[in-house]
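Nothing in this text is a laboratory measurement; each read-out follows from the coordinates by a stated rule. None of the values given here were measured: they were computed from a predicted structure. Neighbour counts run over all protein chains shown; Cβ positions are idealised from the backbone, glycine included.
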Amino acid sequence: MVIGVLFAVLAALCGVGVTRACRGPLSLAPITGLAAMAVLTTWCARLGVPPLVGTLGVVGLAIAGLGVAGCALRVTRSAAVAVALRDQVTTILLVVSVVIPTVLLGAAMASVDAPVSTHDGAFHVETIENLRQGVAVQGWYPMGFHTSVASALRLVPWLDTARGTADAAQALAILAPLAIFGLGLAIGLGPRLAGVGAVIQALTYIYPYDDHLWGGWPLAMSILLLLGLWSVAARWIAEPRPGLAGLGGLLAGAIVLTHGTEVYGALVGLAVVAALNLRRIQVGRLAMHLAVAGAIAIVCVMPYVTTLLGWAASGGASAVGVGMLDGTVPGEGSAMGSDWLEFVLGITGAASLIDLPLRAVLLYIGARQRQLRLALFAWLTFGALLFAVSFVDAQPIRSLYVVTFPWLVHHRPPQMVVLFTSLLVGGGLWVAVRWFCALRPLLVGRPAAWRRLAIVCGALLLFMAEGSAVSIFKTLNQVIADQNVYSADDRAAMSWLSQHATPGEMVINDAATDAGIWAPYKAGLAILLPRSAPGPLQEDRGPILSHVVDLNQSPSLAAKVCALHADYIYEGSRSVPDDPPLLPDRATLERTRGLQEVFASGEAAVFRVEVPCS
């Protein structure tokens with residue numbers, strides 16, 4: 001988690017200079033910093049400059065931001081101190097909102113040495129490792145998240161990429177409440193109400209915690225950028241300035257560079273903001289400033305344009321979307337549809353039935369507040385989208401699902417909904433607290449009744465906060481226990497490999513089904529089948545994996561093993577649940593001639609491949 005905190009601070013400092021240069025509010029700094037890092041590092045990777053140049057660029061931007069913040073603090077020190085002292089409640093709320101994800105994720109993942117996901121997680125780690133080492137990466141996936149993390153991890157060369165990526169990504173959860181706070185201020189909420197919304201977001205599992213368990217970090221980062229873009233749009237309506245248009249272009253470009261399908265969510269949110277402020281929009285300035293934002297966005301995405309157009313021309317991910325709908329492609333999004341409990345929990349952000357009633361009441365109270373009208377309409381819009389995807393099996397919905405895939409995969413719309421749920425629940429809670437405080441003068445003659453009421457209300461709040469936090473922590477622990485395949489036995493096996501294998505040797509791994517996928521980072525050895533391996537490479541090397549028990553009977557496979565120096569087979573301590581292993585079981589490997597078990601710890605084992613090589 002230390003790396004995550006440092007990454008969050010680095011992003012915030014980068015954003016201070018960029019935001020100040022555009023004359024924007026500092027509440028946008030953490031998100032504009034993320035956007036600037038994504039654009040800068042993606043350009044550096046595209047230009048093929050030495051890897052250290054991108055890192056130095058990020059550090060330079062952070063130092064500039066620190067200088068800007070220092071100068072501003074010296075000039076307005078007394079005023080800043082006075083504001084902080086006068087509004088200690090907002091300061092405390094923001095600190096609490098940042099501490100909650102720091103503690104929950106940090107505690108749950110303290111003993112996790114590699115990402116929980118061996119599929120999406122391993123894909124992202126492999127990409128970041130290549131970028132970290134200066135290896136050119138070719139592929140359709142946008143790399144804004146990867147280049148940003150790679151630039152940060154170069155500052156800690158002793159930390160392996162598997163652990164470093166999982167740690168650095170935790171910064172996204174730390175920044176999520178700050179992004180909600182910035183959005184609250186942008187739509188006209190008071191700092192304290194926005195701060196309560198930030199705390200509610202920190203106590204919502206759907207976002208920002210769930211993505212860390214399946215390696216959905218680019219998605220998590222793009223949602224932060226969405227919040228920043230919506231905040232800029234709301235502020236531009238109140239004060240249309242070229243600087244804000246520039247920030248909007250930067251954020252829009254960064255969304256495409258990070259997780260392009262979230263452009264659909266960005267458009268929906270911008271439509272809601274525009275629809276509720278039609279009379280306030282200055283059309284003349286809008287046309288001019290849209291041109292400015294569009295030009296900046298185009299410059300930002302130019303490193304990815306060729307790849308994006310080629311991917312779109314080939315049909316994008318529509319074929320996968322069709323396969324998900326008809327069940328021919330396996331995956332969590334393989335079926336549209338849900339159940340009512342999942343839907344209700346999704347729109348309220350409740351962790352379970354325990355805190356659902358209180359959240360629902362606060363949501364209702366918040367929805368009745370005029371100042372939360374924009375949050376309400378955005379919540380209704382994304383909630384209606386979630387309802388349609390969950391329960392309406394109509395051709396227009398199916399077509400939208402296919403065309404925008406994977407935007408509407410069932411776990412994603414709820415993430416959009418709870419962004420506004422947090423503001424509505426937070427608004428309801430703030431109103432309820434003010435009602436409660438207004439009762440005190442009426443009960444001045446009945447101190448015992450006031451104390452009892454205070455105890456009951458305090459207990460309800462504590463119950464909600466403690467219940468949500470405990471539910472989040474238990475869910476994180478349960479999923480980690482079920483899905484994490486890198487155990488102490490695997491750690492011992494990797495240590496043995498790092499000490500006994502020679503540089504240049506390769507490990508035959510069971511694809512992404514066990515901890516063998518982490519051998520490049522834990523043992524410093526290449527693996528036969530990386531998660532990001534292109535199709536031709538998998539077709540070329542796949543037969544080695546399926547014929548490990550009879551390699552000596554196939555001269556062509558034996559020659560390929562010798563050429564690759566594939567001298568070891570890794571049998572992990574456990575496999576990913578519901579992910580069938582491709583390697584034979586350990587007993588079969590032990591009986592196979594030409595394979596020698598050279599290390600074992602618990603269920604993890606390493607076999608030496610004895611193939612005669614000329």
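Quick notes on this one:
- Cut-off 18 Å (backbone N to label point 7 Å along Cα→Cβ of Leu47), residues of the range 266-298: 296-298
- Using the Cβ-Cβ distance between Asn277 and Arg241 with R0 set to 25 Å, the FRET efficiency works out to roughly 0.95.
- Annotation: extensible slack from Ser546 through Ile480 equals 20.8 nm (criterion: 0.36 nm per residue apart, minus Cα-Cα distance).
- Using the Cβ-Cβ distance between Arg591 and Val322 with R0 set to 45 Å, the FRET efficiency from 1/(1 + (r/R0)^6) comes to roughly 0.55.
- Around the amide H of Glu597, modelled in the peptide plane, lie the amide H atoms of Arg608, all under 5 Å away and 5 or more residues distant in sequence or on another chain.
- A Förster radius of 30 Å combined with the Cβ-Cβ distance from Arg608 to Gln133 puts the calculated FRET efficiency at roughly 0.60.
- Sorted on the mean count of surrounding Cβ atoms within 10 Å across their residues, most packed first, peptides 425-435, 347-357, 466-476, 217-227 read 217-227, 425-435, 347-357, 466-476.
- Packing-based exposure ordering (other Cβ within 10 Å, fewest first) of Asp540, Asp578: Asp578, Asp540
- Isolated Cys in the chain, by beta carbon distance under 4.7 Å: Cys14, Cys22, Cys44, Cys71, Cys300, Cys437, Cys457
- Order of Phe387, Phe145, Phe405 - criterion: other Cβ atoms within 10 Å of each residue's Cβ, fewest first: Phe387, Phe405, Phe145
- Cut-off under 5 Å, modelled amide H: who pairs with Met506 long-range: Ala566, Asp567, Tyr568
- Gain upon complete extension [Ala295, Gln371; 0.36 nm per residue less C-alpha separation]: 24.0 nm
- Exposure proxy order (Cβ contacts within 10 Å, fewest to most) of Tyr205, Tyr364: Tyr364, Tyr205
- Cα shape, the range 180-326, gyration tensor, a/c 1.5 rule: oblate
- Residues in the range 585-614 that a label on Cys562 would reach, taking backbone N under 20 Å of a point 7 Å out along Cα→Cβ: 593-596, 608-614
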